[in-house]
Amino acid sequence: MPADKTGCAYFRMALPLNALKLAGGHTLATGGVYDVRNFDIMVGQRVCRPEVSEEWQRLAAHKSRDYRMVFELDDDLWHIDPLNTMAYEYFHRGKLNRMAENIRVSDLVTVSTEVLADWVYQWNTNVIVLPNMIDGAMLHHQPVRPTAFVAGFGGSASHSVDWKFCGKGISRFLRQNKDAWLMFVGSEFSEYISKDVWPQLVFSQWAETVQSYYRKMKFTVGVAPLAPSLFNQSKSDLRILECSALGIPMVASDYEPYLPWKDAVLFAHNEADWARQLRAMKNDPDMRTELAAKGKAIAATRTINGHWQDWEDAYQSVL
């Protein structure tokens, strides 16, 4: 039961479940109406809408059920920043209480990070951390490299607070480097970039698939801003993981989710850091090559091809 058709459903549902299917010995179905008695396990992602929650509770309460129910979650939705207005209003209209109750009656909860596991533990003690993985094929993809220096970011409108945090520093870099560009794929955050450098901004719409999204990432370097917040503490390192798999070096916030990448990225702590680290990347192609190689080596250890058994083991633990 995926919650949507976006990146969350891809990384937390489609990618691992398809890997299980390819491994053999498993039958999977999604996105339809089924008789649950034909299945050993149901996986529900962010189950919180009223009608779906009622069904989840009814299925969990069935006295003679021999199926198991797994609740999947990859964000701390209880601490969404109010700046992320759409998501904040959506989840704060009763959905958080329903989500907590649905977690409580589940046989297992799978999450993406240890911090998120600690939060969920208050409702269910059977929590397993399954870190985000990538498709190993990404390691062989060669994205088009721009001739000019392009710093790039792809993401949804939920990152407004992050761009409010780093926008001035990146604006300073653009102001000092008129031959550089900043590219947004998906949502754009020009409101946090100084108007005098708007001519150096490039925008690209969302892609229909994750794979076509990767083809849009024509970046010289990627930027991964992450503002200090309760919500971001539970985030994963997926942004750096994706770019690194594609051979794109990164400048990132020196915040908890990204610290394991300290040897493969340049960290920025404040406004001056963002300008300084982007300038260092621009002026040193050899450093970009070295960081990209280190990042790709780490990404190679985080493929679903090498970790599908983690999902299999988690699901089998409740059978």
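At a probe size of 1.4 Å, how large is the accessible area of F184, to the nearest 10 Å²? Its accessible surface works out to 0 Å², give or take rounding. Among I298, V144, H62, which residue has its Cα positioned farthest towards the positive end of the charge dipole of the chain, with +1 placed on the Cβ of Lys and Arg, -1 on the Cβ of Asp and Glu, and the dipole taken about the Cα centre? Looking along the dipole axis, the top candidate is V144.
Shape summary: region 228-280 maps onto an equivalent ellipsoid whose semi-axes, from the alpha-carbon gyration tensor, are 17, 16, 8 Å in decreasing order.
Summing charges over all other residues whose Cβ lies under 13 Å from the Cβ of F153, with Lys and Arg as +1 and Asp and Glu as -1, gives 0. Whole-Hz Karplus values for region 106-122 come out as 7, 7, 7, 10, 10, 9, 9, 9, 5, 4, 5, 4, 4, 6, 5, 4, 5 Hz, taken residue by residue from phi with 6.51 cos²θ - 1.76 cosθ + 1.60 and θ = phi - 60°; glycine and proline positions read x. When the listed pairs K168/K262; K95/K164; K5/K164; K262/K296 are checked against a 25 Å cut-off, the alpha-carbon distance exceeds it for K95/K164; K5/K164.
Counting Lys and Arg as +1 and Asp and Glu as -1 over every other residue whose Cβ lies under 15 Å from the Cβ of A87, the net charge comes to -2.
Put the Cα centre of region 1-73 next to the Cα centre of region 236-300 and the gap is 35 Å. Sites listed here are chymotrypsin sites (Phe, Trp or Tyr not before Pro) in region 1-85 whose DSSP assignment is loop and whose Cβ has at most 13 other Cβ atoms within 10 Å: Y34. Annotation note: trypsin sites (Lys or Arg not before Pro) in region 219-275 located in DSSP loop regions with a Cβ neighbour count of at most 12 within 10 Å are K262.
By the equivalent-ellipsoid construction on the alpha carbon gyration tensor, region 188-256 comes out with semi-axes of 21, 19, 12 Å, ordered largest to smallest. Residues in region 215-245 near a label at W78, defined as backbone nitrogen under 17 Å from the 7 Å Cα→Cβ point? So the set is 229-235. Taking the Cβ-Cβ separation of D179 and K63 as r and a Förster radius of 51 Å, what is the calculated FRET efficiency to the nearest 0.05? In this case the efficiency is close to 0.15. Just the protein heavy atoms count here, and of the accessible area of the chain at 1.4 Å, carbon and sulfur take up 52 percent. The separation of region 94-173 from region 174-195, counted between C-alpha centres, amounts to 23 Å.
Each residue, V36 and K294, gets one label point 7 Å from its Cα in the Cβ direction; the gap between the two is 4.9 nm. Charge tally around H141: other residues with Cβ under 10 Å, Lys/Arg +1 each, Asp/Glu -1 each, net 0. Average accessible surface for the chain: 48 Å² per residue, computed with a 1.4 Å probe over protein heavy atoms with every protein chain in place. Of the trypsin sites (Lys or Arg not before Pro) found in region 1-109, those in coil by DSSP whose Cβ has at most 15 other Cβ atoms within 10 Å are K5, K63, R65, R93. Given +1 at the Cβ of Lys and Arg, -1 at the Cβ of Asp and Glu and no other charges, the dipole of the chain around its Cα centre is 720 debye to the nearest 20. Taking every C-alpha pair closer than 8 Å and separated by at least 6 residues, the mean separation divided by the residue count of the chain gives a relative contact order of 18 percent.
The values are calculated or read from the model by the stated rules, or taken from the named source; none is laboratory data. Keep in mind it's a predicted model, so treat the numbers as computed, not measured. Heads up, the Cβs are rebuilt from the backbone with ideal geometry, glycines too, and the neighbour counts pull from every protein chain shown. Note: accessible area is taken over every heavy atom of the protein model, side chains too, but ligands, DNA and RNA are not part of it. Shrake-Rupley method; radii C 1.70, N 1.55, O 1.52, S 1.80 Å.
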